[in-house]
Amino acid sequence: MLIKNDTRLKRVMQQVAKQALSEVEEQIKICIENYVRQYYTEYTPHQYKRTYQFLRSITKTDVSIRGNTISCDIHIDMNLNYSEPASDVIDIINQGYHGNKSIKGTPVWSVAMDKINSTNMFINGFKEALIKQGFTVV
């Protein structure tokens with residue numbers, strides 16, 4: 001690839017970073033989903049039917065470029081169909097409770113964030129994605 005000016009260099013580097021960020025975003029989403037699956041295996045409900053809505057609510061956005069900023073977002077989609085307000089159900093799940101506060105399990109969001117931070121998943125994943133694209137990262 002021939003890069004003749006700063007504008008072209010910036011565009012190429014943005015696309016490289018966008019691709020790398022997209023890969024890292026997917027890795028982080030999978031990490032969170034794995035903790036949700038772990039949470040689901042800890043308890044079998046007897047008073048309600050599990051719908052797996054929470055697992056499907058882990059959402060990622062497309063990576064976007066605005067000016068010099070490249071960003072993405074991973075979040076819990078709050079448009080859930082529970083008998084209780086979705087925010088209450090999500091709070092209970094993220095505190096690690098099953099159905100109510102008497103059955104303790106994995107506090108999904110905090111455990112996932114601890115794993116992401118302790119393994120430096122973002123930086124390490126970004127480096128790996130750049131290496132896959134042919135860059136030397138030290």
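The values are calculated or read from the model by the stated rules, or taken from the named source; none is laboratory data. This is a predicted model, so every value here is computed, not measured. Positions of Cβ are generated from backbone atoms using ideal geometry, with glycine treated the same way; all protein chains shown enter the neighbour counts. Just so you know, the surface numbers come from the protein's heavy atoms only, side chains and all, with ligands and any DNA or RNA stripped out. Shrake-Rupley method; radii C 1.70, N 1.55, O 1.52, S 1.80 Å.
Worth a mention:
- The chain: most fluctuating residue of Ile76, Ile103, Ile30 per GNM, C-alpha cutoff 10 Å: Ile103
- The 3J(HN,Hα) values that the Karplus relation (6.51, -1.76, 1.60; θ = phi - 60°) gives for the stretch 116-132 are, in residue order, 4, 6, 5, 9, 6, 4, 5, 5, 5, x, 5, 4, 4, 5, 5, 4, 4 Hz. Gly and Pro appear as x.
- Lys/Arg +1, Asp/Glu -1 at C-beta; the chain dipole; positive extreme among Leu55, Met1, Met78: Met1
- The 3J(HN,Hα) values that the Karplus relation (6.51, -1.76, 1.60; θ = phi - 60°) gives for the stretch 14-21 are, in residue order, 5, 5, 4, 5, 4, 5, 4, 5 Hz. Gly and Pro appear as x.
- Placed amide H near Ile58: partners under 5 Å, 5+ positions off or other chain: Asp77
- Once the 1.4 Å probe is applied to the protein heavy atoms, the stretch 1-93 comes out at 66 Å² accessible per residue.
- Sites matching trypsin sites (Lys or Arg not before Pro) across the stretch 37-138 that sit in DSSP coil, with at most 14 neighbouring C-beta atoms within 10 Å: Lys49, Arg50
- In order along the stretch 110-115, phi translates into HN-Hα couplings of 5, 5, 5, 5, 4, 5 Hz, rounded to whole numbers, per the Karplus curve 6.51 cos²θ - 1.76 cosθ + 1.60 with θ = phi - 60° and x for Gly and Pro.
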